[in-house]
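Participant: Below is one structure. I have some questions about it.
The values are calculated or read from the model by the stated rules, or taken from the named source; none is laboratory data. These numbers were taken from a predicted model, which means no experiment stands behind them. Here the Cβ positions follow ideal geometry from the backbone for every residue, glycine too, while neighbour counts run over all protein chains shown.
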Amino acid sequence: MECDAKGKESVFVALSPEHRIHEAGVAEAIEPPYRAVAVRRQGTTWAVGAVKLEVWTLPTELEGDELTLVVEANGERTLTVDGRPALLGLEALERLAAGRSAAYVLQAARLDADVWEVRIDPL
């Protein structure tokens, strides 16, 4: 990839072709949503790596920037927002994660307003 961006490294998230969140630097066309890192190799030549993201729109009343929901096989649920116990948003998260696994850990990080990057791992 060739680009005239400044600096030696760029990190960005693309939610759609029209909606990119630049964490620093350059963007390239890959099927969104994805997170990419670009590293300048020489002159205007960059190496770019990208990983697909699962992105959800969550209720705007959710506060904080990071949340973790742990649902255990016995039905016990624990939600933390920015490391603190929380209840607000629990039902919405469970509804969106329904059918994935009986027991799981859901981690989410706010990307932009009500848009969150989500990862769900079964327990």
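Participant: Those residues that are more than 24 Å from Pro33 (Cα to Cα), outside any loop (DSSP other than H, G, I, E, B) and touching a residue at least 12 places away in the same chain (Cβ under 8 Å), I need them from the range 65-83; list them, please.
Facilitator: Matches in the range 65-83: Val70, Val71, Arg77, Leu79, Thr80.
Participant: Also, I was wondering about something else. Criterion first (surrounded by fewer than 11 Cβ atoms within 10 Å (Cβ to Cβ), at pLDDT below 85 and either assigned by TED's automatic domain parsing to the domain that holds Ala113 or on the phi < 0 side of the Ramachandran plot (or both)) does Thr44 satisfy it?
Facilitator: The answer is no for Thr44.
Participant: Moving on. Are any of the residues in the range 86-102 crowded, with 16+ Cβ neighbours inside 10 Å and either closer than 25 Å to Val11 by Cβ or under 14 Å from the mean Cα position of the chain (by Cα) (or both)?
Facilitator: So far as the range 86-102 goes, no, none of its residues is crowded, with 16+ Cβ neighbours inside 10 Å and either closer than 25 Å to Val11 by Cβ or under 14 Å from the mean Cα position of the chain (by Cα) (or both).
Participant: Can I ask one more? Can Val51 be described as modelled with pLDDT under 95, within 19 Å of the chain's Cα centre (by Cα), buried (at least 17 other Cβ atoms within 10 Å of the Cβ) and β-branched (Val, Ile, Thr)? Before you say what the answer is, go through the steps one by one.
Facilitator: Working: modelled with pLDDT under 95: yes; within 19 Å of the chain's Cα centre (by Cα): yes; buried (at least 17 other Cβ atoms within 10 Å of the Cβ): no; β-branched (Val, Ile, Thr): yes.
So Val51 does not fit the description; no.
Participant: I've got another one for you. Could you list, ordered by first residue, the pairs with Cβ atoms under 9 Å in which the first is in the range 97-123 and in contact (Cβ under 8 Å) with a residue 12 or more places away in the chain and in a loop (DSSP other than H, G, I, E, B) and the second is surrounded by 16 or more Cβ atoms within 10 Å (Cβ to Cβ) and of a type in the set (Ser, Thr, Tyr), at least 6 apart or interchain?
Facilitator: These pairs meet every condition: Leu123/Tyr104.
Participant: What are the residues in the range 50-61 that are out of contact with any helix residue (DSSP H, G or I) (no Cβ under 8 Å at 6 or more places or on another chain), part of a loop (DSSP other than H, G, I, E, B) and either in contact (Cβ under 8 Å) with a residue 40 or more places away in the chain or at positive phi (or both), if any?
Facilitator: Matches in the range 50-61: Leu53, Thr60.
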